[in-house]
Amino acid sequence: MSIARYGAPDVLRLQELPTPAPAAGEVRIAVRAAGVNFADILARIGLYPDAPKPPVVVGYEVSGVVDAVAADVSRAHVGDRVIALTRFGGYSTHVVVPAGFVFPLPDGLSDAEGAALPVNYLTAFIALYRLANVAAGETVLIHGAGGGVGIAATQLARLRRATIIGTASAAKHHALRAFGVDHTIDYHSSDVSREVRRITADRGVDVVLDPIGGRSFEASYRLLAPLGRLILYGVSSVAAGERRSWWRAARSLMQMRSFKPLSLINHNRGVFGLNLAHLWDEHAQLASAMQTLLQETAAGRLQPVVAKTFPLENAPDAHRYMQSRANVGKIVLTT
């Protein structure tokens, strides 16, 4: 499934390409499911600088079956059920990836659940456990708690026995409470900052996960308690519509706060940026984090949540569904 040109979801088109062969150190996977991420939306509308120019096949994660390996690869074998990080190319029937980014699919997980694991859970893991080092008894504010990263972050924060505040539309609140969110806030009808202050008795929160951008970064920063940590991992505010709007993107960027060193020092706060795609060369760190996530999943302490699956040929509908923000959990394409 290729992005033929920048634009609305219908620019996604099925395209016949030769089946790739694995080079040295690589594994080929017959894809059964591929995760959909907001980066794919940004690539489609032309606001994702890391993506190659169209025509391009996007997709950062897959699950499937190994059907070919290079002669120098010993860690994966033909017939293995696996999940993998792909760095583009995931919206395909076959994809070739470095062997170091291929991991066994835990028993008991479906292909769709496997594809829901790598990007979202790695993002949440690095944000909460590496950057924020969230501790028991701390309060975590998760913006977009109903999305793939939001659900993953909720599960990981619960393992650290943190109190969780989640923002989402009202229709998602019942599901979020069932997943372990302690306090839900409808960002459509409520003043999020005021509600957080009320919930925390005006203290603020210890950790904020913010993928929104624009004015949200400023509001999130002001909600930090002393020694609080703000993790910025997206700018979804630049892409509200199905097509690129340079005006909206520019306005969102102009509204972002510049964090000044003296302010950070005087307020005892920390601000971290996270872009998983820019950690591609950190093989050891990503592999270590994935092994921990796989162990927790195999033990039943983590459970990927799939909101909805779409056949690969219906990828445009999957993108529309993601941009409608109706999902609770991960959106997955199946082959």
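None of the figures in this text is laboratory data; all of them are computed from the coordinates on show. Just so we're clear, the structure is a prediction, and the values are computed from it rather than from any experiment. Using ideal geometry, Cβ is built from the backbone for each residue, glycine included, and neighbour counts are taken over all protein chains shown.
Quick one: K330, K172, K53, fewest Cβ neighbours within 10 Å first, how do they rank? Provide the component values of the computation, followed by the final result.
Numbers: K330 30, K172 25, K53 10.
By the 10 Å Cβ count, ascending, the order reads K53, K172, K330.
How many nm is it between the label spots at H278 and R130, if each spot is 7 Å from the Cα in line with the beta carbon?
1.3
Among I151, G213, T167, which residue has its Cα positioned farthest towards the positive end of the charge dipole of region 120-277, with +1 placed on the Cβ of Lys and Arg, -1 on the Cβ of Asp and Glu, and the dipole taken about the Cα centre?
My answer, from the dipole projection, is G213.
What nm distance separates the two modelled labels at R160 and V56, each placed 7 Å from Cα along Cα→Cβ?
Label-label distance for R160 and V56, simple model: 3.2 nm.
Among L141, L17, L42, determine the one that fluctuates most according to a GNM of the chain built with springs between C-alpha atoms less than 10 Å apart.
L17
By a straight-distance test (C-alpha under 20 Å), which lysines pair with K172 as possible cross-link partners, with residues fewer than eight away in the same chain excluded?
Partners found: K308, K330.
Hey, which aspartates and glutamates would be in cross-link range of K260, C-alpha to C-alpha under 17 Å, not counting anything within fewer than 8 residues on its own chain?
The reachable aspartates and glutamates, counting only those whose Cα sits under 17 Å from K260, are E218.
Using Cα centres only, tell me the gap between region 174-230 and region 263-335 in whole Å.
20
Taking H placed 1.01 Å from N in the peptide plane, check which residues at least 5 places from H94 or on another chain put their amide H under 5 Å from its amide H.
V31
Amide H neighbours of A307 under 5 Å, at least 5 residues apart or on other chains, H built in the peptide plane: list them.
K330, I331
Classify the chain as rounded, prolate or oblate, taking a ≥ b ≥ c as the square roots of the eigenvalues of its Cα gyration tensor: rounded when a/c is under 1.5, otherwise prolate if a/b is larger than b/c and oblate if not.
On the way: a/c = 1.81, a/b = 1.46, b/c = 1.24.
It comes out prolate by the Cα gyration axes.
When the helices in the chain are scored as -39500 (n - 2.57) per DSSP H run of 4 or longer and the sum is shared across all residues, what 222 nm value do you end up with, to the nearest 500 deg cm²/dmol?
On the way: 11 runs with 98 residues, N = 335.
After summing the helix terms and dividing by residue count, I get -8000 deg cm²/dmol.
For region 120-277, rounded, prolate or oblate, judged on the Cα gyration tensor with a ≥ b ≥ c (square roots of eigenvalues), a/c < 1.5 rounded, else prolate if a/b > b/c?
It is rounded, given that a/c, with a ≥ b ≥ c, falls under 1.5.
Between R198 and A298, how high is the FRET efficiency from 1/(1 + (r/R0)^6) when r is the Cβ-Cβ distance and R₀ = 56 Å? Nearest 0.05. Before the final figure, lay out the partial values.
Details: r = 40 Å, r/R0 = 0.71.
Computed FRET efficiency for R198 and A298 comes out at 0.90.
From a point 7 Å beyond the Cα of A240 in the direction of its Cβ, which residues of region 134-169 have a backbone N at a distance under 16 Å?
169
If the chain between A71 and L253 were fully stretched, how many nm would it gain, using 0.36 nm times the residue separation less the Cα-Cα distance?
Numbers: separation 182, 0.36 × 182 = 65.52 nm, distance 4.72 nm.
Extending this stretch completely gives an extra 60.8 nm.
For a quick check: sort Y91, Y321 by the number of other beta carbons within 10 angstrom, fewest at the front.
On the way: Y91 29, Y321 18.
Going from sparsest to densest Cβ surroundings: Y321, Y91.
Please report, in debye to the nearest 20, how large the charge dipole of region 53-208 is about its Cα centre when each Lys and Arg carries +1 at its beta carbon and each Asp and Glu carries -1 there. Show your work: numbers first, answer last.
Working: 14 positive and 14 negative charges, 83 e Å.
Dipole of region 53-208, to the nearest 20 debye: 400 debye.
Could you give the longest part of the chain that holds none of the GluC sites (Glu not before Pro) found in DSSP loops with at most 16 neighbouring Cβ atoms within 10 Å?
On the way: sites that count: E16, E282.
Counting at most 16 other Cβ atoms within 10 Å as exposed, the longest clean stretch of the chain is 17-281.
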